[in-house]
1. Since residue 253 meets every condition but one in (1) part of a loop (DSSP other than H, G, I, E, B); (2) within 30 Å of residue 175 (Cα to Cα), which condition does it not meet?
2. Quick one: how many residues across region 256-269 are loosely packed, with under 14 Cβ neighbours inside 10 Å, touching a residue at least 12 places away in the same chain (Cβ under 8 Å) and in a loop (DSSP other than H, G, I, E, B)?
3. In region 29-71, which residues are exposed (fewer than 14 other Cβ atoms within 10 Å of the Cβ) and more than 19 Å from the chain's Cα centre (by Cα)?
4. At pLDDT 95 or above and closer than 30 Å to residue 141 by Cβ: which single residue out of 16, 74 fits that description?
5. Within region 90-203, which strands (runs of 3 or more DSSP E) (wholly inside it) include 1 or more residues that are without any contact (Cβ under 8 Å) to a residue 60 or more places away in the chain and closer than 29 Å to residue 60 by Cα?
């Protein structure tokens with residue numbers, strides 16, 4: 001039986017917020033002890049979820065994205081090192097000592113949080129933080145919060161491993177080895193580092209999704225796993241500033257999320273412009 005073509009409008013049902021209060025009602029309450037969903041806030045409704053490395057590849061046709069990824073990670077680890085705090089260095093060092101290269105997901109995780117083009121996409125366990133990232137910019141455009149049920153996502157992700165790696169579980173080292181070697185796989189998974197490791201991921205309640213190759217739309221691949229509990233909340237442009245004011249009253253703002261200027265972001269930008 002032939003499967004119907006992927007349609008984000010069908011796979012990710014859209015709920016349109018009608019008021020500031022309704023924005024919070026639709027994304028749901030935040031329960032820190034038991035996060036039920038993962039949220040990805042986008043300042044505009046692009047209709048897809050792709051990584052910053054995918055966007056770089058679209059804007060640099062003819063250049064090898066896997067080679068670029070290696071260059072970005074190695075250059076970032078070298079050039080950002082003098083500016084990194086001790087916790088960020090520990091992430092890179094731990095992965096480097098284990099894998100004998102800075103071209104690893106540890107460097108990728110650190111670099112992504114300083115806006116380096118990478119293969120991963122940011123998510124948060126806190127719906128209010130998802131709202132913040134959907135509303136903090138592009139005030140003339142609607143924002144959107146994508147969400148997935150955390151338990152269902154993890155359960156569906158596990159169904160990929162027998163085909164991808166020939167095993168049912170314990171694939172962390174296999175994923176890392178494939179990433180380092182530049183092997184191409186059609187899978188997607190969550191990537192988690194200990195929350196006490198870095199300040200930004202800690203306060204942003206962050207995790208990321210990473211795909212087995214460049215060119216995979218994260219929304220499409222997640223939907224292909226058979227998830228039923230997922231969707232989108234669209235935030236009309238005229239509600240964005242009101243949402244930000246409400247979030248500020250709740251203590252969610254750029255300062256609390258460690259969004260202040262960092263020299264490391266300058267380094268990441270220079271690295272991204274070096275190819």
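1. Single failed check for residue 253: (2).
2. Going through region 256-269 one residue at a time, the tally reaches 0.
3. Across region 29-71, the qualifying residues are 29, 31, 32, 33, 34, 59, 60, 61, 62, 63, 67.
4. 16
5. Numbers: elements: 120-124, 143-149, 188-191.
Strands (runs of 3 or more DSSP E) meeting the threshold: 188-191.
The values are calculated or read from the model by the stated rules, or taken from the named source; none is laboratory data. Source: prediction; values computed, not measured. Heads up, the Cβs are rebuilt from the backbone with ideal geometry, glycines too, and the neighbour counts pull from every protein chain shown.
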